[in-house]
1. Within the range 67-125, track down each residue that is assigned to a helix (DSSP H, G or I), under 14 Å from Ser46 (Cα atoms) and open to solvent by 10 Å² or more (accessible area, probe 1.4 Å).
2. When you scan the range 153-167, do you find a residue that is under 13 Å from Ala70 (Cα atoms) and outside any loop (DSSP other than H, G, I, E, B), even just one?
3. Considering each residue of the range 38-51, count those that are under 17 Å from Ala106 (Cβ atoms) and in contact (Cβ under 8 Å) with a residue 12 or more places away in the chain, and give that number.
4. Inspect the range 49-64 for any residue being among the charged types (D, E, K, R), open to solvent by less than 70 Å² (accessible area, probe 1.4 Å) and at pLDDT below 95 and give the result as yes or no.
5. Which residue pairs have Cβ atoms closer than 7 Å, lie 6 or more positions apart in sequence or on different chains, and pair a first residue in the range 57-75 that is closer than 15 Å to Ala134 by Cα with a second residue that is open to solvent by 60 Å² or more (accessible area, probe 1.4 Å) and at pLDDT below 95?
6. Got a sec? Which of Leu34, Leu97 is without any contact (Cβ under 8 Å) to a residue 60 or more places away in the chain and aliphatic (A, V, I, L, M)?
Amino acid sequence: MNTKFLWPLIVFLLLVGVFVVGLTKDPSRIPSPLVDNPAPEFSLPSLQDPNVMVGSANYANQVVLVNIWATWCVGCRQEHDFLMELAAENVVPIFGLNWRDNRPDALEWLQVLGDPYMASAFDPDGRVGIDWGAYGAPETFLVDKDGTVVHKHFAPLTREIWERDFIPLIETLEQQP
């Protein structure tokens, strides 16, 4: 038998194997080099008042969510109602990082849809978002009392994801001194 006809079949089977493995991966679980490392320190103008600075100092010594969002982001709109529910439940404070956006659009968004954030930093050029390793928006980070990133979620946050991935971690973190 001529082996030159086997090579395309072997290559095809290898590609099928790669695709099958890839399809079993959860696309919302993108590895982050920040997990288990200190959260990037930053200080940016507040979205609401450019004369007030918002940053990592605002949430020092607390377990918090840092949510990267933008008005141009479809997924951010999808998760916004859930963020409003979370803010009302007051489980952990939520801090926003308005990323690569337009200030008037973002202010209107929060006025119309509600503001779930303790404060939102305004990052129009995206530099701080890049420091956080943002691939896009929305991205949500759970940061512990020591300022360490404990978990990263890439995609709109939902009740199911919150209860499965965040609540057990928050309960553990809240028990720590």
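1. Arg103, Pro104, Leu107, Leu110
2. No, the range 153-167 contains no residue that is under 13 Å from Ala70 (Cα atoms) and outside any loop (DSSP other than H, G, I, E, B).
3. Here the count works out to 6.
4. Within the range 49-64, none of the residues are among the charged types (D, E, K, R), open to solvent by less than 70 Å² (accessible area, probe 1.4 Å) and at pLDDT below 95.
5. Pairs found: none.
6. So the residue among Leu34, Leu97 that is without any contact (Cβ under 8 Å) to a residue 60 or more places away in the chain and aliphatic (A, V, I, L, M) is Leu97.
The values are calculated or read from the model by the stated rules, or taken from the named source; none is laboratory data. Just so you know, these numbers come straight off a predicted model, no measurement behind them. Reconstructed Cβ throughout: ideal geometry from the backbone, glycine too, with neighbour counts over all protein chains shown. Note: accessible area is taken over every heavy atom of the protein model, side chains too, but ligands, DNA and RNA are not part of it. Shrake-Rupley method; radii C 1.70, N 1.55, O 1.52, S 1.80 Å.
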